[in-house]
Structure formats: C-alpha cells, structure tokens
1. Residues of segment 15-33 being loosely packed, with under 12 Cβ neighbours inside 10 Å and either of a type in the set (Val, Ile, Thr) or assigned to a loop (DSSP other than H, G, I, E, B) (or both), which ones?
2. Looking for whichever is closer than 18 Å to Thr67 by Cβ, among the aliphatic types (A, V, I, L, M) and outside the structural domain of Glu9 (by TED's automatic domain parsing) here; the options are Ala91, Ala82, Ala101. Which one fits?
3. Residues in segment 39-61: is at least one part of a strand (DSSP E or B), within 30 Å of Leu3 (Cα to Cα), in contact with a helix residue (DSSP H, G or I) (Cβ under 7 Å, 6 or more places away or on another chain) and among the small types (Gly, Ala, Ser)?
4. Kindly check whether there is at least one residue in segment 56-67 that is modelled with pLDDT under 90 and in contact with a strand residue (DSSP E or B) (Cβ under 6 Å, 6 or more places away or on another chain).
5. Given the residues Arg78, Arg125, Arg88, which is the only one that is touching a helix residue (DSSP H, G or I) at 6+ places or on another chain (Cβ under 6 Å) and either surrounded by 15 or more Cβ atoms within 10 Å (Cβ to Cβ) or polar (S, T, N, Q) (or both)?
6. Which members of segment 117-136 meet the condition of being of a type outside the set (D, E, K, R) and free of Cβ contacts under 8 Å to residues at least 24 places away in the same chain?
7. Which is outside the structural domain of Val130 (by TED's automatic domain parsing), among the basic types (Lys, Arg) and without any contact (Cβ under 8 Å) to a residue 12 or more places away in the chain, of Arg44, Arg11?
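The values are calculated or read from the model by the stated rules, or taken from the named source; none is laboratory data. Computed from a predicted structure; not experimentally measured. Positions of Cβ are backbone-derived with ideal geometry, glycine not excepted, and every protein chain shown enters the neighbour counts.
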Amino acid sequence: MLLFSQYVETRFATRLLAAGSAGVGYLLKDRVADTDELTEALARIAAGGIALDPEVVTQLARGSRRTAEIETLTAREREVLALMAQGRSNAAIAQTLVVSAGTVEKHVAAVFGKLGLPSSKDANRRVLAVLRYLEA
C-alpha cells in the first residue's frame, strides 16, 4: 500500500507504521514527479519494504520529541495544559479543578518552564504551550 499526500499527516503515518505491516509507503506528491524515486519506492514496497518520504520521517521524529516534552509534565500540569488547549482561562481552570487561581498560575509557570518557553515580548507562551500539546 502506498499513500500519497499533499502534506504530512502524522496520524496517518503513525497508523500505517503501527500496523507493523511490510510493503507500505507514504510519499508526498511532490516526490512523485521524480519517476526514478517513485519507481524505487514502488519496487521497495513490492519487495515487502517500507518507503517513507524524508519529510514524513522528520515530522514523526519531531512529534516524538514533543511527546517526550509533554511526558515530563506531572499529571496535574497535563490537566491544566489540556484545559488551556480548550481555551479556558486560569480562573475557569481553577474552577474546573477546584483549586485556587494561584495554584493554576504555579502549574502554568511549571508547564512553561518544563517546555522551555521563556518569557518573551515577541511570543505568547500560552499559545506555544498549547501548540506543543497538540503536536504531541
């Protein structure tokens, strides 16, 4: 089975590879223009091998790194981050978790620290943290 895509969709690549099946591939459509590369990929798949676009591999590796970052968070910090991803304010998170606003602020600060998101006037750490959570 060979999957062609305009862009990398890591969830498809993960499913494709998780099955442990041989004879699979995931190529970006841009690579198909190179007939030698396509022919090589088809031959590899027909022989029971795997053909992955280099960009697919890069995105999968990036996702693994993001997952590892998220795993450094405590269970409570992941809860707070999940609620942040739902667009909840600190006050709403505090109410949902039945904790004080100060406690939520401490968890949010810990999330920023563990994800390596220093304070910056050019970036919104809350948005960056949520993006990392969604990527993982």
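1. Scanning segment 15-33 gives Ala19, Gly20, Ser21, Ala22, Ala33.
2. Every option except Ala82 fails the conditions.
3. yes
4. Yes.
5. Unique residue meeting the criteria: Arg125.
6. Once the filter is applied, which keeps residues that are of a type outside the set (D, E, K, R) and free of Cβ contacts under 8 Å to residues at least 24 places away in the same chain, segment 117-136 yields Leu117, Pro118, Ser119, Ser120, Ala123, Asn124, Val127, Leu128, Leu131.
7. Selected residue: Arg11, the only one of Arg44, Arg11 that is outside the structural domain of Val130 (by TED's automatic domain parsing), among the basic types (Lys, Arg) and without any contact (Cβ under 8 Å) to a residue 12 or more places away in the chain.
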